[in-house]
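Below is one structure; the comments refer to it alone.
The values are calculated or read from the model by the stated rules, or taken from the named source; none is laboratory data. Only a predicted model underlies this, so the values are computations on that prediction, with no experimental measurement involved. As a convention, Cβ positions derive from the backbone with ideal geometry for all residues, glycine included, and neighbour counts pool all protein chains shown. Areas reflect the complete protein model, heavy atoms only, side chains present, ligands, DNA and RNA absent. Shrake-Rupley method; radii C 1.70, N 1.55, O 1.52, S 1.80 Å.
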Amino acid sequence: MLPGLTLPASLAGLLGALRPCFTAPSFATFCGLAAGLAGQVRRRTVCGMLLGADLARAWPHDRAHYFFARARWQADELGLAVARLVVLLLVPPGDPLTAAVDDSLFRRSGRKVHGAGWQHDGSSPSRNRISFGTCFVTCGIIVHLPFCTRPVCLPVLARLVLPGAGARTRRRSSKKTAPVPGTKVTAAAALVTLLAAAFPGRAIHVVADAACHGPAIKHLPPSVTWTCRLRANAVLYDLAPPRPPGTRGRPRRKGERLGTPGQLAAAARQSPATVRIYGRDQHMNLADITCLWYGCLDTRTVRVILARHDGTLLALVTTDLAATAAALTERYAARWSIGQAFADARNVPGAGEARNRTPRAVERTVPFALLTCTLIIIWYARHGHSPARITARRRAQPWYPAKAEPAFEDMLTQFRRVLITARISRGSAAHPTPEQTKDVLAAWHAAAA
């Protein structure tokens with residue numbers, strides 16, 4: 001480690017598993033900036049990370065900028081190393097992995113920010129849902145923590161998607177043909193393929209929203225299944241019938257037209273089922289239809305799950321031909337956890353607030369922040385959870401009478417307090433001075449601000 005950097009033993013042991021992803025100087029910088037991002041409660045820029053780690057006078061600020069803009073490390077390699085930690089520590093051995101993919105816009109300003117532009121922003125307060133910023137497609141592993149009844153999504157891979165990508169797959173000119181960036185679906189499929197390669201032989205069930213479909217998912221590894229919401233205007237077909245013996249010509253690729261999801265729901269036989277979603281049991285009517293989505297997945301056999309609850313129809317399409325309709329509905333409902341992960345990363349540690357502009361820095365900073373959030377949750381699950389702290393939170397804040405589980409903010413607060421204790425008491429833990437005691441108490445309360 002470089003001078004001035006002090007980490008608690010529990011965190012140092014966790015970060016040590018990521019050492020092969022960096023050179024020696026870059027690993028020390030990574031540890032300091034990760035601790036600084038978690039410890040900073042206000043300005044979460046690159047220099048703000050140095051302030052959060054109490055390294056502003058120990059390290060030159062260009063060392064932090066160099067780490068994102070020019071240092072030799074790969075965001076995908078680091079993300080896969082964190083994914084291995086998640087699976088090793090939080091997923092039962094042999095269980096299939098459930099992954100969620102989605103895109104999110106991180107608002108920026110400035111004409112020279114790489115990859116920034118006016119793009120769709122689902123969290124925008126404006127009526128047209130458009131904001132200026134950088135869009136990242138993210139893949140996260142959904143886990144069930146022993147102290148949470150809700151599923152938790154841990155982002156592990158993220159990739160920048162340039163605005164306007166996907167209108168064409170190649171740009172043609174009179175001199176040469178140059179590739180242009182792929183669509184969000186292409187990026188999502190690439191991230192899932194990386195995740196599948198890191199866990200060979202392990203089934204990976206992917207859940208996505210209605211916009212995340214396209215020809216790219218036809219080429220996923222055999223161990224990957226894809227479940228997403230079906231578009232209302234999607235046209236479905238029956239399986240292709242076998243060619244009668246003795247006939248000539250190409251066999252049929254699809255059967256008779258079945259119609260749109262609404263037309264299927266009107267004619268399908270539905271059966272009642274109890275599905276546990278969003279933390280409670282709900283009674284639904286489910287229908288399961290095996291068919292083809294020819295316009296998107298060509299001749300690949302899919303299943304359409306039609307779930308009706310209180311007059312609302314949810315239509316899902318999946319390449320998983322083995323799971324029950326109720327299990328698929330529960331799996332898709334867990335997709336909301338990646339939206340919560342985006343909200344937590346933006347609002348609590350301030351992911352996306354860094355002001356860098358160069359291509360490599362922009363491409364790395366948001367994935368770094370998302371991975372830091374994942375590491376905080378892993379650390380809390382292994383070393384930080386205590387039911388007594390939730391009881392103390394209810395006692396201190398009586399407007400939370402039903403609070404029984406830690407939110408991400410509670411996890412980060414405990415993480416900050418452990419960082420502060422290690423930093424302030426280094427070298428004099430046995431005999432702290434009055435000034436150190438005052439600093440610890442002030443920082444301890446500020447950690448929850």
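Could you figure out which of (1) surrounded by fewer than 19 Cβ atoms within 10 Å (Cβ to Cβ); (2) in contact (Cβ under 8 Å) with a residue 40 or more places away in the chain; (3) touching a Lys or Arg at 6+ places or on another chain (Cβ under 7 Å); (4) assigned to a loop (DSSP other than H, G, I, E, B) isn't true of R355?
Condition (3) is where R355 drops out.
Of the residues that make up the range 48-67, is at least one over 22 Å from S337 (Cβ atoms), under 20 Å from the mean Cα position of the chain (by Cα) and not small (G, A, S)?
Within the range 48-67, the first condition is being over 22 Å from S337 (Cβ atoms), and the residues that meet it are 48-67.
Now drop any that are not under 20 Å from the mean Cα position of the chain (by Cα), which leaves none.
So far as the range 48-67 goes, no, none of its residues is over 22 Å from S337 (Cβ atoms), under 20 Å from the mean Cα position of the chain (by Cα) and not small (G, A, S).
Looking at the range 87-99, is at least one residue surrounded by fewer than 16 Cβ atoms within 10 Å (Cβ to Cβ), of a type in the set (D, E), in a loop (DSSP other than H, G, I, E, B) and without any contact (Cβ under 8 Å) to a residue 40 or more places away in the chain?
Yes, some residue in the range 87-99 is surrounded by fewer than 16 Cβ atoms within 10 Å (Cβ to Cβ), of a type in the set (D, E), in a loop (DSSP other than H, G, I, E, B) and without any contact (Cβ under 8 Å) to a residue 40 or more places away in the chain.
Return the total of residues in the range 359-405 being open to solvent by 70 Å² or more (accessible area, probe 1.4 Å) and either in contact (Cβ under 8 Å) with a residue 60 or more places away in the chain or not in a helix (DSSP H, G or I) (or both).
Here the count works out to 11.
Suppose the filter is under 18 Å from T183 (Cβ atoms) and acidic (D, E); does D238 pass it? Break it down stepwise before answering.
Values: under 18 Å from T183 (Cβ atoms): no; acidic (D, E): yes.
Taking the combined requirement at face value, the residue does not satisfy it.
List the strands (runs of 3 or more DSSP E) inside the range 227-316, counting only whole elements, that have at least 3 residues being open to solvent by 10 Å² or more (accessible area, probe 1.4 Å). First the steps, then the outcome.
Details: elements: 257-259, 271-277, 280-292, 301-309.
It comes to 271-277, 280-292, 301-309.
When the residues of the range 260-296 are filtered to those that are touching a helix residue (DSSP H, G or I) at 6+ places or on another chain (Cβ under 8 Å) and free of Cβ contacts under 8 Å to residues at least 40 places away in the same chain, which remaining residue is farthest from V185 (Cα to Cα)?
Only one residue tops the list, namely A287.
If you go through the range 202-211 one residue at a time, do you hit one that is free of Cβ contacts under 8 Å to residues at least 60 places away in the same chain, touching a strand residue (DSSP E or B) at 6+ places or on another chain (Cβ under 6 Å) and either not in a loop (DSSP other than H, G, I, E, B) or not aromatic (F, W, Y) (or both)?
yes
Only one of (1) at pLDDT 90 or above; (2) open to solvent by less than 10 Å² (accessible area, probe 1.4 Å) is not met by H65, so which one is it?
(2)
Please find, within the range 144-160, the residue that is surrounded by the most Cβ atoms within 10 Å (Cβ to Cβ) out of those that are closer than 17 Å to F106 by Cβ and touching an Asp or Glu at 6+ places or on another chain (Cβ under 7 Å).
L157
Just to be sure before I move on: is A327 in contact (Cβ under 8 Å) with a residue 40 or more places away in the chain, assigned to a helix (DSSP H, G or I) and of a type in the set (G, A, S) in the structure I sent? Lay out the reasoning, then the answer.
Details: in contact (Cβ under 8 Å) with a residue 40 or more places away in the chain: no; assigned to a helix (DSSP H, G or I): yes; of a type in the set (G, A, S): yes.
Considered against the rule, which asks whether it is in contact (Cβ under 8 Å) with a residue 40 or more places away in the chain, assigned to a helix (DSSP H, G or I) and of a type in the set (G, A, S), A327 comes out as no.
Where residues in the range 126-143 are among the hydroxyl-bearing types (S, T, Y) and surrounded by fewer than 24 Cβ atoms within 10 Å (Cβ to Cβ), which of them is nearest to D76 (Cα to Cα)?
At the first step, the residues of the range 126-143 found to be among the hydroxyl-bearing types (S, T, Y) are 126, 131, 134, 138.
From the residues that got through so far, the ones that are surrounded by fewer than 24 Cβ atoms within 10 Å (Cβ to Cβ) too are 126, 131.
Values: S126: 33, S131: 27 Å.
So, considering only residues that are among the hydroxyl-bearing types (S, T, Y) and surrounded by fewer than 24 Cβ atoms within 10 Å (Cβ to Cβ), the one nearest to D76 (Cα to Cα) is S131.
A447 passes all but one of (1) touching a helix residue (DSSP H, G or I) at 6+ places or on another chain (Cβ under 8 Å); (2) at pLDDT below 80; (3) over 30 Å from L157 (Cβ atoms); (4) hydrophobic (A, V, I, L, M, F, W, C); which number fails?
The single condition A447 does not satisfy is (3).
Name every residue in the range 16-28 that is within 24 Å of the chain's Cα centre (by Cα), surrounded by fewer than 18 Cβ atoms within 10 Å (Cβ to Cβ) and in contact (Cβ under 8 Å) with a residue 12 or more places away in the chain, in order of residue number.
Hits for the range 16-28 are A17, P20.
Looking at the structure I just gave you, is E405 at pLDDT 80 or above and either more than 15 Å from G52 (Cβ to Cβ) or of a type in the set (A, V, I, L, M) (or both)? Can you show your working first?
Details: at pLDDT 80 or above: yes; either more than 15 Å from G52 (Cβ to Cβ) or of a type in the set (A, V, I, L, M) (or both): yes.
For E405, the condition - at pLDDT 80 or above and either more than 15 Å from G52 (Cβ to Cβ) or of a type in the set (A, V, I, L, M) (or both) - is met.
Evaluate the following for L11: is it modelled with pLDDT of 90 or more, of a type in the set (A, V, I, L, M, F, W, C) and either touching a Gly at 6+ places or on another chain (Cβ under 8 Å) or crowded, with 20+ Cβ neighbours inside 10 Å (or both)? Working first, answer last.
Values: modelled with pLDDT of 90 or more: yes; of a type in the set (A, V, I, L, M, F, W, C): yes; either touching a Gly at 6+ places or on another chain (Cβ under 8 Å) or crowded, with 20+ Cβ neighbours inside 10 Å (or both): yes.
Yes; evaluated as a whole, the condition is true for this residue.
Restricting the search to the range 103-140, which residues are over 22 Å from L191 (Cβ atoms) and of a type in the set (A, V, I, L, M)?
Within the range 103-140, V113, I130 meet the criteria.
Please go through the range 109-125 and give me each residue that is open to solvent by 30 Å² or more (accessible area, probe 1.4 Å), in a loop (DSSP other than H, G, I, E, B) and closer than 25 Å to C153 by Cα, ordered by number. Explain how you work it out, then say what you get.
Within the range 109-125, the first condition is being open to solvent by 30 Å² or more (accessible area, probe 1.4 Å), and the residues that meet it are 109-112, 114, 118, 120, 122-123, 125.
Still in the running and in a loop (DSSP other than H, G, I, E, B): 109-112, 114, 122-123, 125.
G122, S123, P125 - these are the residues of the range 109-125 that are open to solvent by 30 Å² or more (accessible area, probe 1.4 Å), in a loop (DSSP other than H, G, I, E, B) and closer than 25 Å to C153 by Cα.
Take A197 and decide whether it is at pLDDT below 95, surrounded by fewer than 15 Cβ atoms within 10 Å (Cβ to Cβ) and within 20 Å of the chain's Cα centre (by Cα).
Values: at pLDDT below 95: no; surrounded by fewer than 15 Cβ atoms within 10 Å (Cβ to Cβ): yes; within 20 Å of the chain's Cα centre (by Cα): yes.
Taking the combined requirement at face value, the residue does not satisfy it.
If L11 satisfies every condition in (1) assigned to a helix (DSSP H, G or I); (2) closer than 21 Å to A351 by Cβ; (3) without any contact (Cβ under 8 Å) to a residue 60 or more places away in the chain; (4) over 21 Å from the mean Cα position of the chain (by Cα) but one, which is the exception?
(3)
Residues checked against (1) among the hydrophobic types (A, V, I, L, M, F, W, C); (2) modelled with pLDDT under 95; (3) assigned to a loop (DSSP other than H, G, I, E, B):
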| site | (1), (2), (3) |
| --- | --- |
| F147 | yes, yes, yes |
| R150 | no, yes, yes |
| A165 | yes, yes, yes |
| P181 | no, yes, yes |
| V185 | yes, yes, no |
| T193 | no, no, no |
| P222 | no, yes, yes |
